[in-house]
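One structure is given below, encoded as structure tokens.
Coordinate-derived values only; no laboratory data. Just so it is clear, the model here is predicted, and its values are computed rather than measured. Every residue, glycine among them, receives a Cβ derived from its backbone with ideal geometry; neighbour counts consider all protein chains shown.
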Amino acid sequence: MDIDRFHFYWKETQWFAVILIFVVFTGFFIGLVFSNWLNHIRLFGFPLGLLLLGQALIVFIIGLMFWFVGRQSRLDEMHGADEDL
């Protein structure tokens, strides 16, 4: 991969990672801000704020990781940086 294509590939990868980190921290911040209000709602006997921050956010982040890996693989293939194992 030549230097110009590598620079564009790196910028695109970096931008994509920054967006995902922003999405995760935004979800965490929104959960923290609204957790007291959500704790008044019960789901399966547990406060909803606890369920969202303690369980749903973790599942969401794991799902984002899998999506990121798939998207990064497509990006690698598009720029010729993929690994054929």
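Here segment 27-85 is the region considered, the condition is being part of a helix (DSSP H, G or I) and aromatic (Phe, Trp, Tyr), and the residue that is farthest from LYS11 (Cα to Cα) is TRP37.
Looking across segment 43-73, the residues that are surrounded by 11 or more Cβ atoms within 10 Å (Cβ to Cβ) and farther than 20 Å from PHE25 by Cβ come down to LEU43, PHE46, PRO47, LEU48, SER73. If I filter segment 66-77 for residues that are over 20 Å from the mean Cα position of the chain (by Cα) and either within 30 Å of ILE3 (Cα to Cα) or of a type in the set (Asp, Glu) (or both), do I get at least one hit? Scanning segment 66-77, I find at least one residue that is over 20 Å from the mean Cα position of the chain (by Cα) and either within 30 Å of ILE3 (Cα to Cα) or of a type in the set (Asp, Glu) (or both), so the answer is yes. Considering only segment 9-32, state which residues are surrounded by 11 or more Cβ atoms within 10 Å (Cβ to Cβ) and either hydroxyl-bearing (Ser, Thr, Tyr) or more than 19 Å from the chain's Cα centre (by Cα) (or both). Within segment 9-32, TYR9, THR13 qualify.
With respect to LEU38, determine if the residue is touching a strand residue (DSSP E or B) at 6+ places or on another chain (Cβ under 9 Å) and farther than 30 Å from PHE6 by Cα. Step through it out loud before you land on a result.
Details: touching a strand residue (DSSP E or B) at 6+ places or on another chain (Cβ under 9 Å): yes; farther than 30 Å from PHE6 by Cα: yes.
For LEU38, the condition - touching a strand residue (DSSP E or B) at 6+ places or on another chain (Cβ under 9 Å) and farther than 30 Å from PHE6 by Cα - is met.
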